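Step one of this worksheet: look at the structure below.
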Amino acid sequence: MMTKRRFVLYVIDFFTLVIPFLLSRLITGYLVLLDAVESSWLSGLSWVRWGLFDMLVFSACIFGFRTLFRIYRNVLRYANSSLYLKMVMSDVLGGLTAALIIFLFRDFSQRMLVADVIATMVALMITLIGRFTYASLHVWRKSADHEQKKPVAIVGAGSVGILLAKELSINESSQYYPVCFVDVHREKVGKFVRGLKVYEENEDILRRLADMNVKDIILALPRFSGEELERIYRFYSQGGFKIKVYELPVHSVEGSEMRGKPRLRDFSIEDLLFRDSVASDMSALADFYCGKTVLVTGGGGSIGSELCRQVAQCGPKHLIIVDIYENNAYDIQQELKARYGQKLNLSVEIASVRDTARLDAIFAAYRPQIVFHAAAHKHVPLMEHSSCEVIKNNVLGTYNTANAAEKHGVERFILISTDKAVNPTNMMGASKRMCEMVVQCRTDSRTSFAAVRFGNVLGSNGSVIPLFRRQIEKGGPITLTDKRIIRYFMTIPEASQLVMQAGAMAKRGDLFVLDMGNPVRILDLAENMIRLSGLQPYRDIDIVEIGLRPGEKLYEELLIQTESLDKTENSKIFIERDAPLSRDEVDRRLSILRRAVEEGADELTSVGVREAMKQVVPTFHEPEEVNAKASEAKEMQLANT
């Protein structure tokens, strides 16, 4: 359907074509008269008739090829070099076609051919000038209104930066307008790109940008490593600039990389890890999980819900979410329904892993092939106080779920563990170490049991990130238990994908350890989060120490030492060489814990339960013992380099 604007454009272009054509024919006719050459087409009605015929053929061919090249389907104010090139090609082909048609119908003199070529060139030139002028005026009119927009500097004067500059110039809804480029390549420095000067990235640039009233920096680089990202962040954050990222997301499709639509986003918490993201082969994972029935306990939690999202992408036969907290389960259920609709066979069951009868009913009804066991209490100080509950939920809950999996023929059972299970100093970490023993001892089972151990995940429920964010929003201060404390971090999607990959390669009794990269100082994380908010640490937001919490140690251990671990096909996943206990020995230790829980049932905090945990987990130590020697730990030394 032709719009009013397109109709007006057709009319303008028609007269743009006709006028040069008529002028060329009049000039040609005048030259013929001067030469006193008699020509039948120049006399009377014959001239008019053939002139109109030629004009209509000429116009029809030009418009025909422009339509074929979809010239009129482009938005005029966003015209670019590609559109101009297409117009040149269409008009050249149209003009040649018109000349051929006229030549076939009647005599066609050399002088007339030259005249029509000139007419075509003049018409094309007028049309191109008109379109270029219109597009330029549109950009000028939009860019002239800068009072309501923020000046921004673009770091990177390459193809991505040029694309961003153009987007900011023509996008009416953009809150930014570019004032310059900044680049490290000297061959670009001092030159102009899209009318913007390119400045060198040196110490003077921070002052220069401040003089331009620039408060926001946009990174527009095709690729950068974690090391390069850290350098850029530290360089510009010292000037108090707020950093954003303009990126072309890369998606893996059938083994090849596909770039998505460009997007402008804030510099995120995940970026503060300053390392390359861990990429998993999702196509291989999809092949493994496609068509299988998968059950996720704790499916409404941070890791559990992300596992559900990742599994749903793989096209499972059935996905079952099990969680005791109905609000979280409802949220992930609605999210997956909205995204997949009837394409995903999804069930949600509200249940506790403490309830053996309920678990048995769920496993009997759905017959899952793969189970991810993510249900657990994980808050360290709370579990120090409620020590009986951490045994009931974490240890005995894992035991109940593993028994149900064996009874109902589950193919693979993957326990989600934690770095706090390594030389634990708290009940939560010790309970997770006991959970690892529960699954590792089942090497004689038809079900392949395995555990996956990793550190903190950014932004998970109860983690430090949401706490710091709330404290910053309130104006501070940020509270740290100890400024020396370090932790391993990974994003939730990264951790979930690696868990799924470990699940795909799991064998009986495997204990997988994920490579979390280098440990992160929580103090650095807090300072960087303040800078991300456009504020300065200790000036706008203070950071104060409040002392270590019960059960907390200064550092966590993953035991990523390649000489003592077995490699897997994934460079980020290792298998710990840990000889499993026998079933009888694990049952004996569980009996000790059950007895301690029964004896401490009428106490808020049972000393007996803690002592029992020390009996069954020999590596369990008091936090004071470990923290006293923290400075000697390799993890602490690595974080402080």
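Taking R0 as 51 Å, what's the FRET efficiency between residue 621 and residue 212 from their Cβ-Cβ distance, rounded to 0.05? Once rounded, the FRET efficiency stands at 0.35. About its Cα centre, region 267-357 has a charge dipole of approximately 340 debye under the convention of +1 per Lys or Arg Cβ and -1 per Asp or Glu Cβ, with nothing else charged. Using the Cβ of residue 463 as centre and a radius below 10 Å, the other residues enclosed give a net charge of +2, where K and R count +1 and D and E count -1. Working from the Cα coordinates of region 286-360, the gyration tensor eigenvalues give, after taking √(5λ), semi-axes of 20, 14, 10 Å in decreasing order.
Computed from Cα atoms alone, the Kirkwood hydrodynamic radius reported for region 504-624 is 19.0 Å. Ranking 236, 177 from most to least accessible surface, computed with a 1.4 Å probe over the protein chains only, gives 177, 236.
The slack in the chain from residue 185 to residue 542, taken as 0.36 nm per residue of separation less the alpha-carbon distance, amounts to 124.7 nm. Spacing of the modelled spin labels on residue 159 and residue 225, each 7 Å from Cα toward Cβ, amounts to 2.2 nm.
Computed with a 1.4 Å probe over protein heavy atoms only, the accessible area of residue 101 comes to about 50 Å². Seen from residue 293, the other residues with C-beta closer than 13 Å to its C-beta sum to a net charge of +3, counting Lys and Arg as +1 and Asp and Glu as -1. For residue 545, nonlocal amide neighbours, meaning residues 5 or more places apart or on other chains whose placed amide H falls under 5 Å from its own, are 480. Spin-label model, residue 88/residue 19: points 7 Å from Cα along the beta carbon direction are separated by 2.4 nm.
Here the spin labels are modelled as points 7 Å beyond Cα on the Cα-Cβ line, and at residue 345 and residue 287 they lie 2.3 nm apart. Database remark: amide H of residue 348 closer than 5 angstrom to the amide H of 321 (H placed geometrically; neighbours at sequence offset of 5 or more, or on other chains; Pro and chain starts carry no H).
Stretched out straight at 0.36 nm per residue, the stretch from residue 248 to residue 598 would grow longer than its current Cα-Cα span by 120.2 nm. For region 495-501, backbone phi angles converted through the Karplus equation (6.51, -1.76, 1.60; θ = phi - 60°) give residue-by-residue couplings of 4, 5, 5, 5, 4, 5, 5 Hz, Gly and Pro being listed as x. Amide hydrogen proximity for residue 520: with H placed 1.01 Å from N in the peptide plane, the residues at 5 or more positions away or on another chain lying under 5 Å are 487, 488, 489.
Note on residue 121 and residue 166: with the Förster distance fixed at 30 Å, the Cβ-Cβ geometry gives a FRET efficiency of about 0.55. Suppose a student asked you for the relative contact order of region 334-457, using Cα pairs under 8 Å spaced at least 6 residues apart; what percent would you report? Relative CO of region 334-457 lands at 25 percent. The residues neighbouring residue 86, those whose beta-carbon lies less than 10 Å from its own, together hold a net charge of +1 under the Lys/Arg +1, Asp/Glu -1 convention. On full extension, the segment bounded by residue 611 and residue 234 gains 131.0 nm, given 0.36 nm per residue less the C-alpha separation. Ordered by 1.4 Å accessible area with all protein chains kept, 192, 372, 7 run largest first as 192, 7, 372. Taking every alpha-carbon pair under 8 Å whose residues sit at least 6 apart, region 433-568 reaches a relative contact order of 34 percent. Percent of C-alpha pairs per 5 Å bin in region 325-443, short distances first: 2, 11, 19, 20, 19, 15, 10, 4, 1, 0.
These residues, 356, 293, go from largest to smallest accessible area, 1.4 Å probe, as 356, 293.
Equivalent-ellipsoid semi-axes for region 403-469 (Cα gyration tensor, √(5λ), whole Å, largest first): 28, 14, 9.
Taking a ≥ b ≥ c as the square roots of the eigenvalues of the alpha-carbon gyration tensor, region 435-583 is classed prolate because a/c is 1.5 or more and a/b outweighs b/c.
The values are calculated or read from the model by the stated rules, or taken from the named source; none is laboratory data. Just so it is clear, the structure is predicted and the values come from calculations on it, not from any experiment. Cβ: placed from backbone, ideal geometry, glycine included. Neighbour counts: every protein chain shown. In case anyone asks, the SASA skips ligands and DNA or RNA and just uses the protein heavy atoms, side chains included. Shrake-Rupley method; radii C 1.70, N 1.55, O 1.52, S 1.80 Å.
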